[in-house]
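Have a look at the structure below before the remarks.
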Amino acid sequence: MSDNTFRPVLYLKATCPHCLKLRIFLLEADLLDQFEQRVFAAGDANEAAIREELAPHFEKVTFPTVQYAPGEYMNDSDAIIAHYAEAETIDRADLPIFGTYANSVLPNYMAVRKELRALKG
């Protein structure tokens, strides 16, 4: 007898700060083991296959993305986090590592990235 239980699939870019935010949330909320993870680094052999798999479902493929039900996809780290926080009744205020990353580290990183782009431009 085969197991037809669906396991959600995470599509993650290894160096993406928003993918890291999602992973921190799922890890600290003790949910990460519930997911199959498909991780790629820019330009590696997995990237093209992952982008090709996701392309029919989005106007623009971005990461992180989750297939949360068979054939049902969602991207945007905040939307994915909200979905699982609500589904699992998780109060994000109870996740201090996630909170520090999402509210301090990531915004500071994004501001520095924006400044660097402006300086290069």
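The figures follow:
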| read-out | value |
| --- | --- |
| Looking only at region 35-46, and only at residues there that are of a type in the set (D, E, K, R) and within 15 Å of the chain's Cα centre (by Cα), the one that is nearest to Asp76 (Cα to Cα) | Arg38 |
| Those residues of region 19-53 which are more than 19 Å from Arg7 (Cβ to Cβ) and either in a loop (DSSP other than H, G, I, E, B) or basic (Lys, Arg) (or both), in sequence order | Lys21, Ala41, Ala42, Gly43, Asp44, Arg51 |
| Residues satisfying the stated conditions in region 65-96, i.e. exposed (fewer than 12 other Cβ atoms within 10 Å of the Cβ) and at positive phi | Gly71, Thr89 |
| Residues being surrounded by fewer than 17 Cβ atoms within 10 Å (Cβ to Cβ) and in contact (Cβ under 8 Å) with a residue 12 or more places away in the chain - total across region 97-121 | 3 |
| Residue in region 54-72 that is within 27 Å of Thr89 (Cβ to Cβ), without any contact (Cβ under 8 Å) to a residue 12 or more places away in the chain, part of a helix (DSSP H, G or I) and more than 9 Å from the chain's Cα centre (by Cα) present | no |
| Residues of region 29-45 that turn out to be exposed (fewer than 14 other Cβ atoms within 10 Å of the Cβ) and free of Cβ contacts under 8 Å to residues at least 24 places away in the same chain, as a count | 5 |
| Long-range neighbours under 7 Å by Cβ, at least six apart or interchain, first residue closer than 15 Å to Phe35 by Cα within region 73-91, second modelled with pLDDT under 95 and assigned to a loop (DSSP other than H, G, I, E, B) | none |
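The values are calculated or read from the model by the stated rules, or taken from the named source; none is laboratory data. Bear in mind the structure is a predicted one, so any value in this text is a computation, not a measurement. Quick reminder, even Gly has a Cβ in these numbers, built from the backbone with ideal geometry, and neighbours come from all protein chains shown.
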